[in-house]
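Read the structure below first, then the notes.
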Amino acid sequence: MGFEYDWLVVGDSDGAAHSASLAARWGARVAWILPQGETWRRRVCHELAIAQLRHSSSTADLAANWRLAEETTENLAILRSPATLALQGVDVRIGSVDFALQPHLQVRLREAQDLGLMRELRSRHYLLAPAPQPQIPPIQGLQETPYYHLNDLKPLLSGKLPQHLMIVGADPQGAVLAQTLARLGVSVQLLVGEPLVLPYEDPELGQRLQAHLEAAGVKVLSRTPVTQVRQIDDRIWVQAGSQALETDVLVLAEGWQGNLAGIGVDKLEIKCYGGRTGTSPNLETAQGGVYACGSLLGGYCDRELERYEAELATYNALVLPRDRLDYSSLPRIISTDPPIAAVGLTTPQAQRRFGDELVTLSLPLYQVDSCQRRGHLDGFAKLLVRPSGQIVGAHSLGDEAPRWIQAIAILMKQRSHIGNVATLPLPDRDLFDGFLRLWNQVWRQQHPQLHRLQQAWFDWRR
């Protein structure tokens, strides 16, 4: 039996849709199997609803806000619908699948419209790209207590908001939700077990974000792991560290994992480490010919991250297996107010790698001319630079942070010298001129003889 397909994608994620479309454009024979359910729609609708609430100053019509999010989601769904992908040459099927190894690696598909019929499909390579689903922590009493998670907020965001709400977990979307609801008048508590609100980002970003959350009215409790919850009458009691807290509504924001419902992978030789699927640097799993991306790898639930991993896996499987996973120049954006953006190493990571050689260039935004003119004074931007001038990390909190960091990411991908910021069509020349002034001061301290030679040249010309 030959191969029916070159590339068979399983899962309902942005990465799955991107990979299937990309492989078809390259001329491969592609199948995309969608498990039953509305996992992608539900996730996108929640993100849109929260984004719209961030720009609202009233809770007058939450139902209308949710309907608008649903309408936008349906419009986006058309762009990745089975009909649209079929026009691109993708064979789209809906149903549940089981992987089998005998007589050879294949999937057995039970299509949704005919569950009694099983069809065997064989491909040269496979991609596991399931939609993300929220992690549910092992908290005592949680199964008997009503709660929401980040993918199940419709009853909360489409009706009357509660007076008191508690969010448990350090996922960035939890911080975004906390800030949004606090500005709408909800009394919000945010509990994280880690020392900072953003444990995987630069510590300064976590400290600055916590200050903004508290200014918005959020009560932030760090180093406060939740061990037990109980519902007593109409209230929810939470044991957090040594404190007993109460709230009207409990929301879990503990991160994400791959939703493998309807995808049978138990026969595959796939290794998992702490809830994450193990892969080689080119994203191939221990089961040869099977690749993984997105929520199976852990980390943030981020559309651009999913697409990057899916594109890398697709290229390595169908073209040349030479590209390796590299997040060092991939921007990370968190939609708080003001937004947070980062790329590359955090300060502790860079210090461990480069020690005393690391150069830190930091600018408060009130020292930047363009920020003064726009009135955007609250925030900072920071570059981590090696003595050679190579940028290894960048972090910013401010209204223009995503644009700044995306420009820096281009330089980092090219491994360019910091001086080359002057050659880019930059979104904010004043900010990067400030960084160049700081770098020039560092350069003078590191190369006093060259600086004296430079001064001697101008003295001679005079």
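The values are calculated or read from the model by the stated rules, or taken from the named source; none is laboratory data. Bear in mind the structure is a predicted one, so any value in this text is a computation, not a measurement. All Cβ positions, even for glycine, are placed from backbone atoms using ideal geometry, and neighbour counts span all protein chains on display.
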**Complete:** Scanning segment 49-64 for residues that are part of a helix (DSSP H, G or I) and surrounded by fewer than 19 Cβ atoms within 10 Å (Cβ to Cβ) gives 51, 52, 54, 63, 64
**Complete:** Filter segment 1-45 for residues that are at pLDDT below 90 and among the aromatic types (Phe, Trp, Tyr); the one that is surrounded by the most Cβ atoms within 10 Å (Cβ to Cβ) is 40
**Item:** So residue 56, is it among the hydroxyl-bearing types (Ser, Thr, Tyr) and in contact with a strand residue (DSSP E or B) (Cβ under 6 Å, 6 or more places away or on another chain)
**Value:** no
**Request:** Return yes when residue 312 is among the aliphatic types (A, V, I, L, M), part of a loop (DSSP other than H, G, I, E, B) and either crowded, with 20+ Cβ neighbours inside 10 Å or not assigned by TED's automatic domain parsing to the domain that holds residue 201 (or both) and no when it is not.
**Result:** no
**Request:** Return the pairs, sorted by first residue and then second, in which the second residue is among the hydrophobic types (A, V, I, L, M, F, W, C) and surrounded by fewer than 17 Cβ atoms within 10 Å (Cβ to Cβ), the first residue lies in segment 254-269 and is in the same structural domain as residue 33 (by TED's automatic domain parsing), the beta carbons are less than 6 Å apart, and the residues are 6+ apart or on different chains.
**Result:** 267/101; 269/286
**Complete:** Residues of segment 222-243 being of a type in the set (Gly, Ala, Ser) and over 24 Å from residue 211 (Cβ atoms), in sequence order, are 242
**Item:** Top-ranked residue in segment 75-99 [being assigned to a helix (DSSP H, G or I) and either of a type in the set (Ser, Thr, Tyr) or without any contact (Cβ under 8 Å) to a residue 24 or more places away in the chain (or both); ranked as surrounded by the most Cβ atoms within 10 Å (Cβ to Cβ)]
**Value:** 84
**Criterion (in contact with a Cys (Cβ under 7 Å, 6 or more places away or on another chain), over 21 Å from residue 421 (Cβ atoms) and at pLDDT below 90) met by exactly one of 283, 377, 325** = 377
**Item:** Among residues of segment 367-376, those that are free of Cβ contacts under 8 Å to residues at least 60 places away in the same chain and closer than 22 Å to residue 201 by Cβ, counted
**Value:** 1
**Request:** Kindly list, by first and then second residue, each pair from a residue in segment 134-155 that is farther than 17 Å from residue 247 by Cα to a residue that is basic (Lys, Arg), limited to pairs with Cβ atoms under 7 Å and residues at least 6 apart or on different chains.
**Result:** 151/42; 151/43
**Asked** Given the conditions (1) of a type in the set (Val, Ile, Thr); (2) within 22 Å of residue 136 (Cβ to Cβ); (3) surrounded by 20 or more Cβ atoms within 10 Å (Cβ to Cβ); (4) free of Cβ contacts under 8 Å to residues at least 60 places away in the same chain, which single one is not true for residue 232?
**Response** (3)
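Would you mind stating whether residue 44 is closer than 18 Å to residue 75 by Cβ and of a type in the set (Val, Ile, Thr)?
yes
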